[in-house]
Structure formats: structure tokens, C-alpha cells
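Structure first, then comments.
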Amino acid sequence: MIETRIDIRGPGYRDNLTHNTGQIALLRARLSEVVIGGRDAHIRRHRERGKLLVRERIDFIVDDGSAFLELSSLAAWGQYGNEVPGAGIVTGVGMVAGRPCMFIANDATVKGGSFFHETVKKHIRAQEIAERLRLPCLYLVDCGEGTQERLRMAGLNFMRIGHVFISHLHGDHYFGLMGLLSTMHLLGRTRELHVHGPPALKPIIDMQLQASATWLRYPLHVHPLVDDAPHEVLVDPHLTVTSLPLRHRLPTTGFLFRERPGPRRLRAERIADIPHYLRTAVKNGDDLLREDGTVIPNAELTFDPLPPRAYAYCSDTAHHPQLVDWVRAVDLLYHEATFTRHLAARARETMHSTAAEAAVIARDAGVGALLLGHFSSRYKDPTPLLMEALEVFPRVALSEEGRSYPIGRSIVDNSFGP
């Protein structure tokens with residue numbers, strides 16, 4: 001118990017209480033102004049375009065029921081005629097799929113998303129906090145036109161991306177890469193970046209950097225992928241990434257992301273029995289040796305770790321039965337479904353898949369759920385693709401732009417399946 005030395009009957013207490021209560025009220029009033037965002041006309045125009053406001057996007061991404069810790073909300077207060085609330089950017093820490101992540105999201109209603117001196121300072125400070133706390137990196141798979149815009153709309157800080165995986169060199173999968181590399185350079189990135197892609201990708205990057213006389217401020221490592229068999233291309237403390245050969249008109253690879261086993265989980269009712277400095281060892285499976293020489297078995301102190309999750313990304317491929325063995329029992333399979341079976345001949349000609357063929361892979365591999373994507377633009381309503389897949393496999397969802405899909409939990413929210 002901590003004893004207070006505050007004398008509530010003392011002569012200065014009432015003055016301090018009045019002053020601090022007023023400061024709290026002032027802080028709350030200012031925060032209520034900041035969260036509104038830009039001018040009413042800009043907010044109205046934003047909504048008329050069918051877009052979410054910046055804090056609404058963050059609420060959409062963070063785990064249900066979890067809190068979002070916003071940082072530096074009063075940055076740029078009192079500057080620029082008070083027309084740049086929060087310096088035009090929202091930063092903070094939120095939980096995504098059970099893990100804390102740093103968010104850095106531009107507010108497009110504030111001066112059209114323009115950057116000011118305070119915006120840059122706030123942006124960099126958020127990066128420093130994320131690096132110090134070792135918050136998880138984001139991994140970007142394929143990088144078509146508009147990637148930066150979509151990342152900003154989703155409230156994701158692309159400066160935290162550590163690895164980019166390019167499946168193949170059709171433009172809709174990599175034309176946004178050079179813009180992303182350039183923006184990272186202009187924002188002062190110094191942390192190294194790894195790009196994994198077809199062997200022809202590095203000469204393309206080198207040529208464009210040379211033509212624009214650009215020397216990146218950060219180390220860029222381009223790793224060529226081989227499409228003859230599955231290859232492990234990345235191992236880090238959190239997961240492994242394996243490339244999967246696909247069947248398309250150009251050399252193409254899919255990617256299998258598999259979580260590494262985590263530590264054991266401490267039983268809440270036994271945490272007080274475990275000294276703080278021994279908790280890591282207990283999580284790693286050690287028994288607890290107490291000072292009196294007694295031993296508490298690990299099983300009495302911990303639960304088994306959560307099962308490692310797995311996600312497979314297979315875009316732009318003709319029907320490829322060999323995928324079944326490579327993606328067996330993954331929690332979530334993303335598979336292209338460019339056409340319905342009525343255009344199966346066109347699918348074979350262009351080396352794409354039908355929705356039914358994607359569902360066959362999911363069924364035969366026993367995956368947890370199937371996420372369909374890469375729909376032909378002829379399908380203004382992709383429901384026929386969903387219905388076709390549901391005839392073969394029961395747990396199917398259609399990918400929707402801007403939506404997040406949890407791995408290891410149900411993503412099926414349609415009313416068509418059983």
C-alpha cells in the first residue's frame with residue numbers, strides 16, 4: 001500500500017484541485033475538436049465518395065472489443081490557424097489478430113492529406129516507438145497500382161513493411177512497387193527492405209532507379225524466386241514463408257505463410273507463484289524450482305501454446321492439383337477465381353482458374369476456409385462465383401477491398417453455405 005501525503009484540508013489543495021479539474025476539462029474539449037477531423041465541407045465530400053473517416057478505418061481494423069491508444073493527438077495545436085488537427089495524421093497502437101500494431105494513418109479531410117513539419121515529426125516518432133517496442137512488421141504481397149493509397153485508406157503504416165513478395169510480373173501485381181520504394185525513400189526510411197520476386201524484377205528496379213538518378217537512403221535487397229518447386233524463402237522469429245510454383249503465362253509463385261510455434265501460456269491463477277525473472281523460462285517449458293527446493297511441474301503453471309496458423313496465397317494460376325499437398329490443412333487459402341465454369345475454356349486459354357476449380361483445391365486440401373479473389377471485371381456482382389464454389393466446398397467468402405480477414409477464425413458471413 002502506498003500512503004499519500006496529500007493534505008486535502010491544506011491551503012493549496014483546493015486551488016490545485018480547481019486548476020487541475022480545469023486542465024482536464026480543457027484537454028477533453030480540445031480532444032473532442034481534434035477527433036472531428038477537417039472542415040465540415042471536406043468531411044462531407046469524403047463521405048459522398050463512400051469513404052470512411054480515418055478513425056472509422058482504424059476501428060474497422062482493430063480487434064472487436066479492444067482499445068486503441070492514440071498518440072500525440074494535440075500535435076500542431078494552435079498552429080496554422082488550428083486547421084491541421086492532430087497534424088493531419090493519426091498514430092497509435094491497436095490490437096490486430098491479437099497482436100499490438102502501430103497505426104499511422106493520414107487524415108484526408110485535413111488539407112487533403114498534406115504533410116506539414118509536425119506531420120513528419122509525428123510520423124517519425126511513431127516509427128521510433130514501434131521499433132523500440134518491436135511491434136510486428138507488416139508483410140505486403142503483390143503491389144499493383146494504387147497500393148500506397150489503399151494502405152493509407154486502411155490505416156496501415158507502410159514504413160513498417162519489412163518484406164514485399166511479388167508473385168509475377170504482370171502489371172497489376174507489381175506496377176505500384178517503384179512508387180512505394182520511392183515514397184519510403186522520400187520519407188527518410190533507413191531500415192533495410194527485402195523484395196522477393198521473379199529473377200527479372202531486379203533489373204527492372206535497377207533500371208528505373210538509374211533512369212531517375214535515385215540512390216535509396218535504405219538498403220534494398222532483391223531476392224530472386226525459383227518456380228520449379230516449393231522453396232523456403234524467409235524464416236524469422238514469428239513465421240516462415242515458402243514459395244509455391246503456380247501455372248501461369250509468366251513464371252509465377254504463390255506464398256505459404258506459416259506461423260512458428262509460440263511459447264506456452266501462463267495460467268492466470270498461477271502467475272503470482274512465478275517470479276518475474278523466471279516467467280520466460282516457464283513459458284519455454286521449464287519446471288519452476290522454488291527457493292525452498294520444491295519443484296512445480298510446468299504443466300501446473302501453463303497451458304499449451306495456441307496452434308500455429310497458416311495462410312496460403314495463390315493468385316493467377318490455372319487449375320493446379322499439385323497445390324493440394326502444398327497447402328494441406330492451412331487455416332485460410334486465398335485462391336484466384338477469375339471465371340465461372342461457363343467460361344472454363346477461356347480460363348484454360350488465359351491460364352486462370354474457375355471458382356469451382358478453386359473450391360476443389362480447398363476441398364481436397366482440407367483447408368479451414370477459402371477466400372476467392374481476382375474476379376474478371378465482367379462480373380459486376382461476384383455472387384455467381386460464390387455460389388459455384390459453395391457447390392463444392394462449404395466455407396467460402398468473397399474478398400472485398402479494404403476488408404481484413406482473420407486467420408484461424410471464421411471468415412464466412414454469407415447465408416448461402418450450410
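The values are calculated or read from the model by the stated rules, or taken from the named source; none is laboratory data. Bear in mind the structure is a predicted one, so any value in this text is a computation, not a measurement. Note: ideal-geometry Cβ built from the backbone for every residue, glycine included; neighbour counts use all protein chains shown.
The table for this structure:
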{"quantity": "Answer residue from the stretch 339-382, given it is touching a helix residue (DSSP H, G or I) at 6+ places or on another chain (Cβ under 7 Å) and assigned to a loop (DSSP other than H, G, I, E, B) and is surrounded by the fewest Cβ atoms within 10 Å (Cβ to Cβ) among those", "calculated": "TYR379"}
{"quantity": "Unmet requirement for ALA29, which otherwise passes all of (1) within 23 Å of VAL90 (Cβ to Cβ); (2) over 28 Å from the mean Cα position of the chain (by Cα); (3) in a loop (DSSP other than H, G, I, E, B); (4) of a type in the set (Gly, Ala, Ser)", "calculated": "(3)"}
{"quantity": "All positions within the stretch 42-67 that are out of contact with any Ser or Thr (no Cβ under 9 Å at 6 or more places or on another chain), among the hydrophobic types (A, V, I, L, M, F, W, C) and at pLDDT 80 or above", "calculated": "ILE58, VAL62, ALA67"}
{"quantity": "Unmet requirement for PRO11, which otherwise passes all of (1) modelled with pLDDT of 85 or more; (2) part of a loop (DSSP other than H, G, I, E, B)", "calculated": "(1)"}
{"quantity": "Lone qualifier among HIS46, HIS42 - being under 30 Å from TYR405 (Cβ atoms), assigned by TED's automatic domain parsing to the domain that holds PRO85 and touching a residue at least 24 places away in the same chain (Cβ under 8 Å)", "calculated": "HIS46"}
{"quantity": "Hey, LEU234 outside the structural domain of GLY402 (by TED's automatic domain parsing) and surrounded by 15 or more Cβ atoms within 10 Å (Cβ to Cβ) or not", "calculated": "no"}
{"quantity": "Some residue of the stretch 70-89 being modelled with pLDDT of 80 or more, under 18 Å from GLN148 (Cα atoms) and not assigned by TED's automatic domain parsing to the domain that holds GLU149", "calculated": "yes"}
{"quantity": "Among residues of the stretch 253-286, those that are small (Gly, Ala, Ser) and assigned to a loop (DSSP other than H, G, I, E, B), counted", "calculated": "2"}
{"quantity": "Selection from the stretch 180-227 of residues that are small (Gly, Ala, Ser), surrounded by fewer than 17 Cβ atoms within 10 Å (Cβ to Cβ) and not in a loop (DSSP other than H, G, I, E, B)", "calculated": "SER182, ALA211"}
{"quantity": "Qualifying residue in the stretch 40-48 (condition: of a type outside the set (S, T, N, Q), surrounded by 11 or more Cβ atoms within 10 Å (Cβ to Cβ) and not in a helix (DSSP H, G or I))", "calculated": "no"}
{"quantity": "First in the stretch 61-88 and of a type in the set (Ser, Thr, Tyr), second anywhere and part of a helix (DSSP H, G or I), Cβ under 6 Å, 6 or more apart", "calculated": "SER72/LYS122; SER73/LEU31; SER73/VAL34; SER73/GLY86"}
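For every residue, the table says whether it meets (1) in contact with a Ser or Thr (Cβ under 6 Å, 6 or more places away or on another chain); (2) at positive phi; (3) at pLDDT 95 or above.
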| position | (1), (2), (3) |
| --- | --- |
| ALA356 | no, no, yes |
| HIS374 | yes, yes, no |
| ARG378 | no, no, no |
| SER399 | no, no, no |
| SER404 | no, no, no |
